[in-house]
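A.B. asks: Got a structure for you, written out below as structure tokens; questions coming shortly.
The values are calculated or read from the model by the stated rules, or taken from the named source; none is laboratory data. Quick caveat, the model's predicted, so the values are computed rather than measured. Virtual Cβ from ideal backbone geometry, glycine too; neighbours counted across all protein chains shown.
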């Protein structure tokens, strides 16, 4: 096996998008987005003796105070058939460590989709960056079966929104201010932090075959806005906001059902609701669980530490900040 640098979109996306339940965080387009909002991006892979890619990793350099930095590999590295490959994994992680030394990165943070039981190097379990639990709908099922799998109240709310005249439209980046207003209302109402304006603005400029914005509207008023990613075999619900008014119209339920049906019509296999947690997001979790689906549990988020001294200081400062 040998290490390669991945320079072409098709080369990376054919591999990552070809994995079951494809992870868009490791896609080429998401890397281009992260170049704008985070910093340097590396795309590396491992080929076997037949010239076939068997593993890839997209790494971002993220800044910390005092001129420090770390690497981040969201939902990666990716391995063929989603299983850890010891030989390919060693090649990848050795190269990441070498790059970290060049860039003076303190550690690599990653969210594996593979089991960590076979890892033979030291890692530190840390706070989740990507949710460690999610719900995924199987779009091979027919629409009637998908509806049957939902909670009765969810089916009722979908029909109610339809009866009340809620309409779903696909929007573009020109309607950013409307989406941002919904995100601001949701953050204030539900007391959770959002990304900044420039983050969402850059995201909405991604290619429309990769990322789409949908609104649920009623009488020319925007009630809900959702950002969806279409990649590989999976459509993922990644961000959403809703207005404080007219919540009785149940527009979020109809918007999800619309994008579920669209994903199925376009030939995607999975619909990922992207994160549940009864402790952190009880209301959002109950909403998502209403659509049924299969719960997937990931190992969590881990750090491979390269500078133990500075990492200890980083952990101490992080702990102090979280206590306020």
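A.B. asks: Quick check on my filter: what residues within segment 8-23 are within 18 Å of the chain's Cα centre (by Cα), in a helix (DSSP H, G or I) and farther than 19 Å from residue 130 by Cα? Lay out the reasoning, then the answer.
C.D. replies: Of all residues in segment 8-23, those within 18 Å of the chain's Cα centre (by Cα) come to 12-13, 15-23.
From what is left, the residues that are in a helix (DSSP H, G or I) are 12-13, 15-16.
12, 13, 15 - these are the residues of segment 8-23 that are within 18 Å of the chain's Cα centre (by Cα), in a helix (DSSP H, G or I) and farther than 19 Å from residue 130 by Cα.
A.B. asks: While we're on this one: Output the residues belonging to segment 194-205 that are assigned to a helix (DSSP H, G or I) and in contact with a strand residue (DSSP E or B) (Cβ under 7 Å, 6 or more places away or on another chain).
C.D. replies: Initially, segment 194-205 is screened for residues assigned to a helix (DSSP H, G or I), giving 197-203.
Within segment 194-205, 203 is the sole residue that qualifies.
A.B. asks: Considering segment 287-308 alone, what residues qualify as being out of contact with any helix residue (DSSP H, G or I) (no Cβ under 6 Å at 6 or more places or on another chain), in contact (Cβ under 8 Å) with a residue 12 or more places away in the chain and farther than 19 Å from residue 21 by Cβ?
C.D. replies: Across segment 287-308, the qualifying residues are 287, 302, 303, 304, 307.
A.B. asks: Can you tell me which residue among 166, 136 is out of contact with any helix residue (DSSP H, G or I) (no Cβ under 8 Å at 6 or more places or on another chain) and more than 24 Å from residue 314 (Cα to Cα)?
C.D. replies: 136
A.B. asks: In segment 78-87, how many are within 11 Å of residue 46 (Cα to Cα), within 24 Å of the chain's Cα centre (by Cα) and outside any loop (DSSP other than H, G, I, E, B)? Write out each step before concluding.
C.D. replies: At the first step, the residues of segment 78-87 found to be within 11 Å of residue 46 (Cα to Cα) are 78-80, 85, 87.
So of that shortlist, the ones also within 24 Å of the chain's Cα centre (by Cα) come out as 78-80, 85.
Checking which are outside any loop (DSSP other than H, G, I, E, B) leaves us with 78-80.
Of the residues in that region, 3 qualify.
A.B. asks: If you check 93, 114, which single one turns out to be within 25 Å of residue 41 (Cβ to Cβ) and either surrounded by fewer than 17 Cβ atoms within 10 Å (Cβ to Cβ) or under 21 Å from the mean Cα position of the chain (by Cα) (or both)?
C.D. replies: Numbers: 93 fails: either surrounded by fewer than 17 Cβ atoms within 10 Å (Cβ to Cβ) or under 21 Å from the mean Cα position of the chain (by Cα) (or both).
The conditions single out 114.
A.B. asks: Considering segment 287-311 alone, what residues qualify as being more than 21 Å from the chain's Cα centre (by Cα) and either assigned to a loop (DSSP other than H, G, I, E, B) or surrounded by fewer than 17 Cβ atoms within 10 Å (Cβ to Cβ) (or both)?
C.D. replies: Hits for segment 287-311 are 306, 307, 308, 309.
A.B. asks: Can I ask one more? Please list, ordered by first then second residue, the pairs with beta carbon atoms under 6 Å, 6 or more apart or interchain, first in segment 1-24 and more than 19 Å from residue 88 (Cα to Cα), second assigned to a helix (DSSP H, G or I) and modelled with pLDDT of 95 or more.
C.D. replies: Close Cβ pairs satisfying both conditions: 9/28; 24/30.
A.B. asks: For segment 259-286, which positions are more than 20 Å from the chain's Cα centre (by Cα) and touching a residue at least 40 places away in the same chain (Cβ under 8 Å)?
C.D. replies: Answer for segment 259-286, where residues must be more than 20 Å from the chain's Cα centre (by Cα) and touching a residue at least 40 places away in the same chain (Cβ under 8 Å): just 261.
A.B. asks: Inspect all residues belonging to segment 226-235 and state whether any of them is buried (at least 18 other Cβ atoms within 10 Å of the Cβ) and modelled with pLDDT under 95.
C.D. replies: Taking every residue of segment 226-235 in turn, none turns out to be buried (at least 18 other Cβ atoms within 10 Å of the Cβ) and modelled with pLDDT under 95.
A.B. asks: Could you please find all residues in segment 223-251 being more than 20 Å from residue 130 (Cα to Cα), touching a helix residue (DSSP H, G or I) at 6+ places or on another chain (Cβ under 7 Å) and outside any loop (DSSP other than H, G, I, E, B)? Give the derivation first.
C.D. replies: So in segment 223-251, the residues more than 20 Å from residue 130 (Cα to Cα) come out as 223-225, 242-251.
Right, trim to touching a helix residue (DSSP H, G or I) at 6+ places or on another chain (Cβ under 7 Å) and you get 223-225, 242-244, 249-251.
Once the filter is applied, which keeps residues that are more than 20 Å from residue 130 (Cα to Cα), touching a helix residue (DSSP H, G or I) at 6+ places or on another chain (Cβ under 7 Å) and outside any loop (DSSP other than H, G, I, E, B), segment 223-251 yields 223, 224, 225, 242, 249, 251.
A.B. asks: Can I ask one more? Does segment 153-193 hold any residues that are in contact (Cβ under 8 Å) with a residue 12 or more places away in the chain, closer than 28 Å to residue 286 by Cα and not in a helix (DSSP H, G or I), and which are they?
C.D. replies: 164, 165, 166, 167, 168, 169, 170, 171, 192
A quick yes/no check of all residues on (1) part of a helix (DSSP H, G or I); (2) in contact with a helix residue (DSSP H, G or I) (Cβ under 6 Å, 6 or more places away or on another chain):
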{"position": "51", "(1), (2)": "no, no"}
{"position": "72", "(1), (2)": "no, no"}
{"position": "76", "(1), (2)": "no, yes"}
{"position": "90", "(1), (2)": "yes, no"}
{"position": "94", "(1), (2)": "yes, no"}
{"position": "97", "(1), (2)": "yes, no"}
{"position": "106", "(1), (2)": "no, yes"}
{"position": "112", "(1), (2)": "no, no"}
{"position": "115", "(1), (2)": "no, no"}
